[in-house]
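Please treat every number below as a calculation from the coordinates, not as lab data. Quantities reported herein were computed from a predicted structural model and do not represent experimental measurements. No Cβ is skipped: glycine too gets one built from the backbone with ideal geometry, and neighbour counts run over all protein chains shown.
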Amino acid sequence: MFTLIKALNQKGVLGINRRNAQYTLWHNKRSLYPLVDDKLRTKELALKAGIRVPELYGVLEVSGQVGSMSDLVAEHSDFVIKPAHGSGGEGILVIIGRSKDRFRTASGALLHQEQVQHHVHEALSGLFSLGGQPDKVIIEYRVQVDPVFQGISYQGVPDIRVIVFWGVPVMAMVRLPTSLSGGKANLHQGAIGAGVDLAGGKTLTAVWRNEVVSEHPDTGNSVENVAIPGWSDLLQIAAGASELTGLGYLGVDLVLDKNLGPMVLEMNARPGLNIQIANRAGLLARLQKVENSISTLTGLEQRVEFAQHNFASEL
Amino acid sequence: MPTKNKVYWLAAFLFTVGVALFLFKAFWLGFPITPDDRSMIWNVEAKVSFQAQGEALKAVFFIPESTERLAIMDESFVSRGYGLNTVEKKHNRQAVWSIRQAKGTQTLYYRVVVMPIRAETPSIKSEKGKVSPHGFSGAQLNAAQSVLALVKAKSADQETLVLELIKRLNNPHPGNNLLLLMGKKPTQAKKAFLAAQILNLARIPARLNQGIQLIEDERKTQLQYWLQVYFVKTGWQNFNIRTGEKISSSDFLTWKNGAGPLINLKGGTKPQIHFSLSANLESALGTAITGSKKTRQQLIRFSLLSLPLSTQQVYRVLLLVPLGAFVLIIMRNLVGVATFGTFMPVLIALSFRETKLLGGILLFSLVVAMGLAVRLYMERLKLLAVPRLAAVLMVVIGLMAFLSVISNLLDFQAGLSVALFPMVILTMTIERMSIVWEERGPSGALKQGIGSIFCAGLAYLVMNLKLMEHLLFVFPELLLILLAATLLLGRYSGFRLSELRRFKVLTKGN
């Protein structure tokens, strides 16, 4: 057991106790959490700074407004319904099209208007929010999967999670939906997490549930060595978005749209630790490297450069 | 980092104060470190309450008297505004409370301190037994005689005869003769009275008395009926009329010799008597005093030992909760066991104290499993969150009532205590379990469920240690040490045991 602890420490692996005690509790001010916990506020913040986000079609705040939902989406054949305070991808309903008066979901099910409305009611009553408090519901643009991910994702849209520490990207992974995850890009629900080399933007090994995999279980295509286009831009967007919040330790979730390019989807002040397994690398070692040189890093571009230079994959 | 150091300094300070106080009390003042049963002295409190009707009121209440096995060291009455007299009758003592006018709920207290005398040979000669008139006549005499014949046929000596008689009295189908004598639903008092009558008929001196057992178990602190039988060799012996259990006269405080209610009221209605009992640690301290007596008395005045008995009982349990919470910190932050709700297992562990471990785990799993089945069905009804929670709560209470009734029918005593489970906590557990079930599948939900039960069981085992209960109650300053350790664990940043497995793959070569 002690040799294992020693090996993990040598690798610079970050455990959950240390993440909480030395990073999230230390670098993230409690008063700033609402900025990232409320997806609506994140969206406003990003828009103000000129960072692209999925277009907002409308917001439902009380049950009485649910009836007006059909007006909000009248012009759109596809859209996404998500609770503003949802965590871990819960409560997200993706509508990809219509058939007569029914809505077709990403998983191919046909839902009546009433069923969709019931879902909205549940989200408003706080079923998916942390602590169960009443919530708002966002209706927004449905991101179109970029061709680079077409062959290695199932139904949903993959997202790119970048851990940013005081404006310096330290680790990244792509989360690929599978049939097990029901088209959702969430590792807990069964999505694949593929580590990404910060230097070149190519995917590395991937983790699915708790095993290391190299192919997508549904499509059979290799998930390794996939080059993500515009990687440096993506890192700059992530670093820039993190600066807006004032939070020191943050997970930024980005998506690549076929037509509109990279967008910020949401941010997370308590990002998970599985990203280390996907990258076969420890977070702690990288965080400490940043702590040692943060005072010398001034501009955004310089920070991203530092990351790409120092955190190239060893694999 | 200054905050980090602050935590260490604070922890060190708390630890030092806690240890210093503990050592001072334990070695300088001689507070007992381990629970000691031998020099036990008992505080007994009877709380008498009734409704006064707004006129002159007189309450006659039976109270204990010293025997050769049990000495009354001190007694006191709390009865504001009442006149008080104590009267010695032939076999009993009575307190007579009176007042010119009283209205509404009245509460009077009687407190007594008793010490068991466990001398090998009693210094006073035990009073000799005499047969009293049995009081049977006509058909009843015939019935009593046939019962006696039956019991005699099945017994070898006087003691087995008594036990056989008690067994027969408690048989759900006692036979026609006994039915005639004691009626359809006899009370414990009726049974004890009848047993004494039948024994007297057999020319064995026997009588009935009422009192409480001197034992630290809240459930047993209630009025019980004991059958006293005279044996030529050993003198009077006490038998529990419900179980046949034999008990020494020094473990049993007689409240009244003979049948009848403990209290007689004139000008009042609905009398209620509640007994509470605790080992008197304060007096047990008397053996080894090395410090100044005055300090000790001052200290006791500012300690939990000065509280009323029933409040002391509450704190005995409350002081165990931090211990359970500490176990939970270790299980969650050092080991990494997933549980439902942060402190839910501690609350469940508290109810395990009543149900006992095995029965508790069984009942808990049963209620949660049944509730979960209902909850998963409700998922299909598409109810909104709050009404659905309320519906599950109602179902949980219904299930608990149902389990109590069933276990009562099956004569499974532990099942009755299902009512002690915190039902709101159960409901939230079921709710969260079903959400995990839906989102991460049954294996995830079961894993957390088993984790919760495991932590609850562990917390129960630690909290149930007699030594822990004693230490935390007599030395509450030990909580400072617990607090110091908790603060330190609050800054623990090493790996959890479960993470070693999770991240093991990272240590393997590429």
For chain A, what are the DSSP H helices with axial Cα length of 20 Å or more and mean Kyte-Doolittle hydropathy of at least 0.0? A:231-245
Please tell me the relative contact order of chain B in percent, rounded to the nearest whole number, where contacts are Cα pairs under 8 Å and at least six residues apart. 20
Place a label point 7 angstrom from the Cα of B:Tyr315 along the Cα-to-Cβ direction, then list the residues of the range B:466-509 whose backbone nitrogen is under 12 Å away. B:472-477
Proxy exposure order for A:Ile294, A:Ile152 (fewest C-beta within 10 Å first) is A:Ile294, A:Ile152
Ascending count of other beta-carbon atoms within 10 Å, so fewest first, for B:Leu262, B:Leu320: B:Leu262, B:Leu320
Dividing the mean separation of Cα pairs under 8 Å (6+ apart) by the residue count of the range A:1-112 yields a relative contact order in percent of 13
Summing -39500 (n - 2.57) over every DSSP H run of at least 4 in chain A, dividing by its residue total and rounding to the nearest 500, the 222 nm mean residue ellipticity is -7500 deg cm²/dmol
Taking the Cβ-Cβ separation of A:Asn221 and B:Lys167 as r and a Förster radius of 60 Å, what is the calculated FRET efficiency to the nearest 0.05? 0.15
GNM result for chain A, Cα springs below 10 Å: residue of A:Gly261, A:Gly299, A:Gly86 fluctuating most strongly: A:Gly299
If each of A:Asn210 and B:Leu446 carries a label point 7 Å out from its Cα toward its Cβ, how far apart are those two points in nm? 1.5
Give the distance, in whole Å, between the Cα centre of the range B:163-240 and the Cα centre of the range A:216-236. 84
Extension gain A:Asp78-A:Asn310, at 0.36 nm per residue separation less the Cα-Cα distance, in nm? 79.4 nm
Going by how many other Cβ atoms sit within 10 Å of their own, how do A:His119, B:His173 line up, fewest first? B:His173, A:His119
20 Å Cα-Cα threshold exceeded, pairs from B:Lys47/B:Lys270; B:Lys90/B:Lys167; A:Lys100/A:Lys136: B:Lys90/B:Lys167; A:Lys100/A:Lys136
Within a Gaussian network of chain A (alpha carbon springs, distance under 10 Å), most fluctuating of A:Glu44, A:Glu55, A:Glu291: A:Glu291
Straight-line reach from A:Lys289: which lysines fall under 29 Å, measuring Cα to Cα and dropping same-chain residues less than 8 apart? A:Lys6, A:Lys11, A:Lys29, A:Lys202, B:Lys4, B:Lys6, B:Lys504, B:Lys508
Where Lys and Arg each count +1 and Asp and Glu each count -1, what net charge lies around A:Gly261 among other residues with Cβ under 12 Å from its Cβ? -1
Simple SL model, points at 7 angstrom along Cα→Cβ for B:Leu334 and B:Ala149; separation in nm is 7.2
